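Notes follow once the structure below has been shown.
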C-alpha cells in the first residue's frame, strides 16, 4: 500500500511540476508564439486562379441545324451521357447521366451555346448545381452494371440579348464533381 501511495505522489509531482522530477515548480515565462493566420493559405508556383466561368471551346466550332440541340464535346464526355437533349426556342434542356464509378453528384455545370440561323455562336449560358447536404433531393443513386448512376436534369434559358435570334443550341459539361 505504501508503494501505491508513493507512486501516486510521484505522478502528482510530475503532473504539477512538469516532466522534470527535479523541477521546483517555478516555470520560466511562456514564450510568445508567432501570430497564426485565421485562414490557411496555399500557393502553387505558376498557377493562377480562374478569372471566370469555365469555357467550352467546342461551342465555337459547332454549327447545329435550326431547331436542334447537339452535345458539345468537353472534358467529361467519358464520364457522362446526355439524354432528352432538345431546344424549344426559349431554352436548351437535357438530362445528363453520370456513368463513372463514383456516387453522389456534388457539383455540376452545363455550358450552352446558342446559334443564329447562319450557325454563328451568338450567346452562351450556364446552369450550375451544388449539392446542399442540408436539403437532400431524395434522389438515390441507382446501380447499373455495378456502378452508381446519377441523373441530373437541367435547363439553360436563351440569354435575353439573343432571344428571338437563337434558333439552335449546343451544350456540354464544364464542371463535374462527384464522390
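Return yes when residue 172 is at pLDDT 95 or above, within 21 Å of the chain's Cα centre (by Cα), surrounded by 11 or more Cβ atoms within 10 Å (Cβ to Cβ) and farther than 16 Å from residue 99 by Cβ and no when it is not.
Values: at pLDDT 95 or above: yes; within 21 Å of the chain's Cα centre (by Cα): yes; surrounded by 11 or more Cβ atoms within 10 Å (Cβ to Cβ): yes; farther than 16 Å from residue 99 by Cβ: no.
Taking the combined requirement at face value, the residue does not satisfy it.
Would the range 146-158 turn up any residue that is surrounded by fewer than 13 Cβ atoms within 10 Å (Cβ to Cβ), under 16 Å from the mean Cα position of the chain (by Cα) and either at pLDDT below 95 or not in a strand (DSSP E or B) (or both)?
The answer is no; no qualifying residue exists.
Could you look through the range 38-58, keep only residues that are surrounded by 10 or more Cβ atoms within 10 Å (Cβ to Cβ) and within 16 Å of the chain's Cα centre (by Cα), and pick out the one that is farthest from residue 74 (Cα to Cα)?
As a first pass, look at the range 38-58 and keep what is surrounded by 10 or more Cβ atoms within 10 Å (Cβ to Cβ): 53-58.
This time we only want the ones that are within 16 Å of the chain's Cα centre (by Cα), so: 53-55.
Working: 53: 14, 54: 11, 55: 10 Å.
Filtering the range 38-58 for residues that are surrounded by 10 or more Cβ atoms within 10 Å (Cβ to Cβ) and within 16 Å of the chain's Cα centre (by Cα), the one farthest from residue 74 (Cα to Cα) comes out as 53.
Does the range 72-95 contain any residue that is assigned to a loop (DSSP other than H, G, I, E, B), over 22 Å from residue 179 (Cβ atoms) and within 22 Å of the chain's Cα centre (by Cα)? Talk me through it step by step, then tell me what you get.
Of all residues in the range 72-95, those assigned to a loop (DSSP other than H, G, I, E, B) come to 72-76, 88-90.
Okay, now just the ones that are also over 22 Å from residue 179 (Cβ atoms), so 72-73, 88-90.
Still in the list and also within 22 Å of the chain's Cα centre (by Cα): 72-73.
Within the range 72-95, one or more residues are assigned to a loop (DSSP other than H, G, I, E, B), over 22 Å from residue 179 (Cβ atoms) and within 22 Å of the chain's Cα centre (by Cα).
For residues in the range 97-120 being modelled with pLDDT of 90 or more and crowded, with 18+ Cβ neighbours inside 10 Å, which is farthest from residue 153 (Cα to Cα)?
For the range 97-120, the residue satisfying everything is 115.
If you go through the range 96-119 one residue at a time, how many are at positive phi and within 17 Å of the chain's Cα centre (by Cα)?
0
If we scan the range 36-54, do we find a residue that is within 21 Å of residue 127 (Cβ to Cβ), touching a helix residue (DSSP H, G or I) at 6+ places or on another chain (Cβ under 8 Å), assigned to a loop (DSSP other than H, G, I, E, B) and at pLDDT below 95? It would help to see each step written out before you state the result.
In the first step, residues of the range 36-54 are kept if they are within 21 Å of residue 127 (Cβ to Cβ); the result is 50-54.
Among the residues that remain, those that are also touching a helix residue (DSSP H, G or I) at 6+ places or on another chain (Cβ under 8 Å) are: none.
Checked the range 36-54: no residue is within 21 Å of residue 127 (Cβ to Cβ), touching a helix residue (DSSP H, G or I) at 6+ places or on another chain (Cβ under 8 Å), assigned to a loop (DSSP other than H, G, I, E, B) and at pLDDT below 95.
Looking at (1) surrounded by fewer than 18 Cβ atoms within 10 Å (Cβ to Cβ); (2) modelled with pLDDT under 95, which is the one condition that is false for residue 89?
(2)
Just one of (1) surrounded by fewer than 16 Cβ atoms within 10 Å (Cβ to Cβ); (2) touching a helix residue (DSSP H, G or I) at 6+ places or on another chain (Cβ under 7 Å) trips up residue 130, so point out which.
All conditions are met except number (2).
Residues in the range 85-106 that are more than 22 Å from residue 123 (Cα to Cα) and free of Cβ contacts under 8 Å to residues at least 60 places away in the same chain: how many?
Summing the residues that are more than 22 Å from residue 123 (Cα to Cα) and free of Cβ contacts under 8 Å to residues at least 60 places away in the same chain in the range 85-106 gives 3.
The values are calculated or read from the model by the stated rules, or taken from the named source; none is laboratory data. Computed from a predicted structure; not experimentally measured. Ideal geometry is used to build each Cβ from the backbone, glycine not excepted, and the neighbour counts take in all protein chains shown.
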